[in-house]
Amino acid sequence: MTSAVAAHDELHAGSKPPPRGWRRLTAAGWLRVPWMTALFFGIGLGITLLVRWAEGWHPIWDGQVITTVELAAVPFGFLAGLGGFDYWAGYAIGSPTRPEDHSGHGAYSWRDYFRVNTDHKVIGVQYLVTTIFFFVAAGLLAMIMRAELARPGMQFVGNQVFNELFSVHAALMIFLFIIPAFAGLGNYVIPLMIGAPDMAFPRLNALSFWLLPVAGLMMLSSFFVPGFGCGWTGYAPLCSTHQELGAVFFNMGVQWAGASSIMTALNFLVTIITMRAPGMTFWRMPLLVWANFTTSLLVVIATPFIAGSQFMTMFDHIMHTNFFNYEAHGYVLGYQHIFWFYSHPAVYIMMLPGFGIASEVISTFARKPIFGYRLMALSLMAILVLGFSVWAHHMFVSGMAPWLRVPMMVTSVVIAVPTGIKVFSWLATLWEGKLNFSTPMLFALGFVSMFVIGGLSGIYLAAVPIDIDVSDTYFVVAHIHYVLFGGSLFTIFAGIYYWFPKMTGRMYNEKLGKLHFWLTFIGFNATFFPMHYLGIQGMPRRVSDYVPRFTDLNFFISIASFFLGASTLVFLYNMIVSWARGEPAPANPWRALTIEWQVSSPPPVFNFDEIPQVVGGPYEYGVPGARHAVFNGDRVVEEEEVRT
């Protein structure tokens, strides 16, 4: 399929030559970034000083206020310099509509990955590479923590630095790795899976990616000011009035990451609803598309709540409001209610795409249709609804109204039902299948087993008496890592290995892939399973020191964590080397049925030379002659066969 590439080359041949001289400084790109960033810095500084002078607020130069304003102004300057707003700015000022020459679409060299690009495939790769960077950074922070905890007493860092380490570690893993990594995988494959040429809003899609490095670097740079050490939850008033300026870096970083999530979710919703190929009804959509659809609904509904909570804590910190200040009659527990009304649905934002990936991989490598396809899709919708009814089980020991405990306990247990449906469906799909234990399948099976353990510990934490006993202990640390590492990360790895040939046109090294899985699986369980016992024995989480009776187990966990960290080096080596010089990948190395595997690897710039026609379900393995989608050429052949 080369016609799309040829058409793109023709468009480029007739487009304007690259700007020269001073025009290069005003054209969108990295040369415009420095002076635009400086300009917006100056605008932010000038407005702040002018307002404070006009209102008679003293001191006029307030470092915290100026920094807060610049955490908004400087990123806007950076994004404007790259060209993220050029099209909309021209529209807003009434400039003539420019003919679309697709000059910002597609990747023809490595440089195209470092600019504003409207191709969903390029954006998907940008997402994944960026999130892996922040994954490594967050993992290094965890290594420092485990080095400190290998022995009782203070070895390498002080108490406040330790608090900053686990705070930034968790914030990066959640907001800059897990959530956007799923967005990256979805960005690449969802349009292909539904037969669309791109996402519904390509420019918005491009902008949504560039908000991510802004958010991540903001959180990492908090170490260079008095950092935030109040945990990724940012509880008030600890994080609103009792922390240094670093807490504002966290507040603003969450806002940028949240804005990116909302933009991406809206794009997914419109794309899935309006751009499906002919014949693709909702009941013919792959389960990954269903998963991204429900996840996007969760993001759009829930993310504004965490945005509001972070604005209010930041206002308490900078503007001396009293939303959560008890002494001024603020509602302290209000922060937790608002935060967890987002953050428990956020657990499913970090899980539902993984459910979809596991379904794709398990069906393909078991060579069987998904057992109970419609019930699997409906269970995703059930989780979407029930996810908003369980938030207060995080607050059983917070001092909230006692009457709220039992209803939240009941709903927290009930939500296990649709999740259990998925587990039994995966097991039934595997039953008597022709299993192929390639690397994606190993990670998918590892996900199922680890997620079951995390789910079982979640049932314990949903019970009020048990939760009261183990709240804020290492039992909770074990639970969240079995859910988010054993659940989300295993499915992210499964998805990366599964679609790596499609993304790069190269095959990864299967031996290194399997080595990566076993090192990760063993290292993960050796690191986090003993934490259940530590928590039951009473070791509190988020502490930099502990009593001597926990020494041996903590030393073992620290050694295992370094083993787990080393497994990531195998993954990075495999991805980099395979992308550079791996074996060329065929169009469909897994013999899968979904549409993305019916085009070349990597796909054409505009995905399809002809619109696919969906004629069946996506998982009809073992059904003679079954097809999920056909193209015009295939339909001609089929008609000739029928006539004879």
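Remarks
- Single residue of segment 483-516 satisfying the filter (open to solvent by less than 10 Å² (accessible area, probe 1.4 Å), touching a Gly at 6+ places or on another chain (Cβ under 8 Å) and aromatic (Phe, Trp, Tyr)) that is farthest from Thr419 (Cα to Cα): Tyr497
- Scanning segment 434-452 for residues that are open to solvent by 20 Å² or more (accessible area, probe 1.4 Å) and over 22 Å from the mean Cα position of the chain (by Cα) yields a total of 4.
- Condition check for Ile496: of a type in the set (A, V, I, L, M) and within 30 Å of Ala585 (Cβ to Cβ): yes
- Condition met for Thr97 (more than 25 Å from Thr48 (Cα to Cα) and either outside the structural domain of Trp579 (by TED's automatic domain parsing) or touching a Cys at 6+ places or on another chain (Cβ under 6 Å) (or both)): yes
- Where helices (runs of 4 or more DSSP H) fall wholly inside segment 425-497, the ranges with 1 or more residues that are over 22 Å from Phe524 (Cα atoms) and assigned by TED's automatic domain parsing to the domain that holds Ala138 are 439-462, 464-470.
- Residue in segment 347-367 that is more than 25 Å from Val448 (Cα to Cα) and open to solvent by 40 Å² or more (accessible area, probe 1.4 Å) present: no
- Out of Ala358, Ala382, sole residue that is within 15 Å of Phe424 (Cα to Cα), touching a residue at least 24 places away in the same chain (Cβ under 8 Å) and assigned to a helix (DSSP H, G or I): Ala358
- The set of residues in segment 411-432 being of a type in the set (A, V, I, L, M) and open to solvent by 50 Å² or more (accessible area, probe 1.4 Å) consists of Val413, Val414, Val417, Ile421, Leu427.
- Filter result for Val161 (at pLDDT below 95, open to solvent by 40 Å² or more (accessible area, probe 1.4 Å) and farther than 22 Å from Phe556 by Cα): yes
- Any chance Ile480 is hydrophobic (A, V, I, L, M, F, W, C), touching a residue at least 60 places away in the same chain (Cβ under 8 Å) and open to solvent by 40 Å² or more (accessible area, probe 1.4 Å): no
- Put simply, of Val69, Val65, Val161, Val122 the only residue that is in a helix (DSSP H, G or I), over 30 Å from Ile492 (Cβ atoms) and touching a Gly at 6+ places or on another chain (Cβ under 8 Å) is Val69.
- Residues that are farther than 13 Å from Asn163 by Cα and open to solvent by less than 10 Å² (accessible area, probe 1.4 Å) within segment 219-235 comprise just one, Met219.
- Some residue of segment 271-288 being in the same structural domain as Pro191 (by TED's automatic domain parsing), small (Gly, Ala, Ser), open to solvent by 20 Å² or more (accessible area, probe 1.4 Å) and out of contact with any Leu (no Cβ under 8 Å at 6 or more places or on another chain): yes
- Top-ranked residue of segment 315-341 - restricted to ones that are open to solvent by 10 Å² or more (accessible area, probe 1.4 Å) and under 25 Å from the mean Cα position of the chain (by Cα), ranked as farthest from Val270 (Cα to Cα): Gln336
- Remark: pairs (first residue in segment 195-215, open to solvent by 30 Å² or more (accessible area, probe 1.4 Å); second residue among the aromatic types (Phe, Trp, Tyr) and part of a helix (DSSP H, G or I); Cβ separation under 6 Å; 6+ apart in sequence or on different chains) = Arg203/Tyr87.
This table checks each residue for (1) over 24 Å from Tyr235 (Cβ atoms); (2) open to solvent by 20 Å² or more (accessible area, probe 1.4 Å).
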{"site": "Asn117", "(1), (2)": "yes, no"}
{"site": "His120", "(1), (2)": "yes, no"}
{"site": "Leu128", "(1), (2)": "yes, no"}
{"site": "Phe134", "(1), (2)": "no, no"}
{"site": "Glu148", "(1), (2)": "no, no"}
{"site": "Arg151", "(1), (2)": "yes, yes"}
{"site": "Met154", "(1), (2)": "yes, yes"}
{"site": "Leu165", "(1), (2)": "no, no"}
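- Among the residues of segment 551-574, the ones that are open to solvent by 10 Å² or more (accessible area, probe 1.4 Å), β-branched (Val, Ile, Thr) and in contact with a Pro (Cβ under 8 Å, 6 or more places away or on another chain) come to 1 in all.
- Odd one out for Ala587 among (1) in a loop (DSSP other than H, G, I, E, B); (2) in contact (Cβ under 8 Å) with a residue 40 or more places away in the chain; (3) assigned by TED's automatic domain parsing to the domain that holds Arg151: (2)
- Looking across segment 274-304 at every residue that is of a type in the set (Gly, Ala, Ser) and in contact (Cβ under 8 Å) with a residue 40 or more places away in the chain, the one that is nearest to Phe608 (Cα to Cα) is identified as Ala277.
- Tally, over segment 1-34, of residues that are modelled with pLDDT of 90 or more and touching a helix residue (DSSP H, G or I) at 6+ places or on another chain (Cβ under 7 Å): 3
The values are calculated or read from the model by the stated rules, or taken from the named source; none is laboratory data. Computed from a prediction, not measured in an experiment: that's the story for all the values here. Cβ sites come from the backbone with ideal geometry, for glycine too, and all protein chains shown count toward neighbours. Side chains included, ligands, DNA and RNA excluded: accessible areas come from the protein's heavy atoms. Shrake-Rupley method; radii C 1.70, N 1.55, O 1.52, S 1.80 Å.
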